[in-house]
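The values are calculated or read from the model by the stated rules, or taken from the named source; none is laboratory data. Since this is a predicted model, take the numbers as computed values, not measurements. When we count neighbours, we look across all protein chains shown, and the Cβ atoms used for this are built from the backbone with ideal geometry, even at glycine. Surface accessibility is based on the protein's heavy atoms, side chains included, excluding ligands, DNA and RNA. Shrake-Rupley method; radii C 1.70, N 1.55, O 1.52, S 1.80 Å.
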Amino acid sequence: MMTTVAELSEIHQVGSNTVERRITRHSCPQIWERGISMAGISEAGEDFRFVRSHPHFTQILVATAGVGQALVDGAWVRLTKGWAYVTPPDHLHAYHTDPETGFWEVAWIIIPKSSPAPPARPPDKPRIIETDGDVFRAAIFGLFSENLGNADPAMMESWADLARALTARVAGATPRDEVIDLFWKRVAGRLAHPWCLSEMAGTLGCSEEHLRRLCQRRYGCSPMRRLLCLRMQHAASLLSVTQLTVAAIGEQVGYENEFAFSNAFKRWSRGTAPSIYRKQIGNA
């Protein structure tokens, strides 16, 4: 369900069940020298909720445990471990703990518009980015722990450098949907190749299960179903605009024989054989 700006009110609610560890530019000047005004880790309870209509900062918020929800393009998106919510200044952003789970841990960094040396250029709108949540959390926890403990200047410099570098990596990363879309464009350019799930996952650089989750979230189907649809859509186009034989078209979309291709096409088209489809569209 889409959410409009009018439906949201400004809310800054940490909640009574949330535990936060914060580092500020005043307690740790090393982060301000690297363009960061505040960083922290929030072990958020069920009433953790933020809505900012005109924030004056870029925020990197990385989920490290539990489940939350973040507003992107007017829709609420589940944010689980390994995903970041990156938001620019002067753009509505909103996020909260998922009410079904009641717990969400996030590591976050704030970069104000007045930052003397911003780690990265902010995105043009709120985005969801895939990242390593454990590493991002470790950098912030290291800063917090050292600041409370020995506060050794050299160690603080090192942790601050790491936090800045990770912030730049996340903020400059290609958004999740663009990554998966580019991957499928590459697959679409090689439909004759005998793709299997393991090879597709390897090409994208992820596990088979992760590829399944990405495809389900982006396209609402499994990777193999997505591959089938791309093959059949291209086959339907070739049947419409060329005089290639059915067998030749089948080879172009990854089928070794006409029988296997015809059966796959009939399943995809709900019973229409390739030759009948060609007649129906007037290219017989």
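Please return the ranges of helices (runs of 4 or more DSSP H) entirely within the stretch 146-238 where 3 or more residues are closer than 30 Å to ARG25 by Cα and in contact with a strand residue (DSSP E or B) (Cβ under 8 Å, 6 or more places away or on another chain).
Filter on the stretch 146-238 gives 153-171.
Results for (1) open to solvent by 30 Å² or more (accessible area, probe 1.4 Å); (2) over 16 Å from the mean Cα position of the chain (by Cα); (3) modelled with pLDDT under 90; (4) more than 19 Å from GLU251 (Cα to Cα), shown as yes or no for each residue.
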site: ARG169; (1), (2), (3), (4): yes, no, yes, yes
site: LEU182; (1), (2), (3), (4): yes, no, yes, yes
site: ARG190; (1), (2), (3), (4): yes, yes, no, no
site: TRP195; (1), (2), (3), (4): no, yes, no, no
site: GLY202; (1), (2), (3), (4): yes, yes, yes, yes
site: CYS206; (1), (2), (3), (4): yes, no, yes, yes
site: GLU209; (1), (2), (3), (4): yes, no, yes, yes
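Yes or no, residue by residue, for (1) within 16 Å of ALA171 (Cα to Cα); (2) under 14 Å from the mean Cα position of the chain (by Cα); (3) modelled with pLDDT under 95:
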site	(1), (2), (3)
ILE41	no, no, no
GLN59	yes, no, no
TRP76	no, yes, yes
LYS81	no, yes, yes
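Exactly one condition in (1) open to solvent by less than 50 Å² (accessible area, probe 1.4 Å); (2) at pLDDT 95 or above is not met by VAL19; state its number.
(1)
Do we have any residue at all in the stretch 236-247 that's open to solvent by less than 50 Å² (accessible area, probe 1.4 Å), of a type outside the set (S, T, N, Q) and under 35 Å from the mean Cα position of the chain (by Cα)?
Checked the stretch 236-247: at least one residue is open to solvent by less than 50 Å² (accessible area, probe 1.4 Å), of a type outside the set (S, T, N, Q) and under 35 Å from the mean Cα position of the chain (by Cα).
Do any residues in the stretch 15-30 that are touching a residue at least 24 places away in the same chain (Cβ under 8 Å) and outside any loop (DSSP other than H, G, I, E, B) have Cβ atoms under 6 Å from those of residues that are open to solvent by 60 Å² or more (accessible area, probe 1.4 Å) and not aromatic (Phe, Trp, Tyr), where the two are at least six apart or on different chains, and which pairs are they?
Cβ pairs passing all conditions: GLN30/GLU157.
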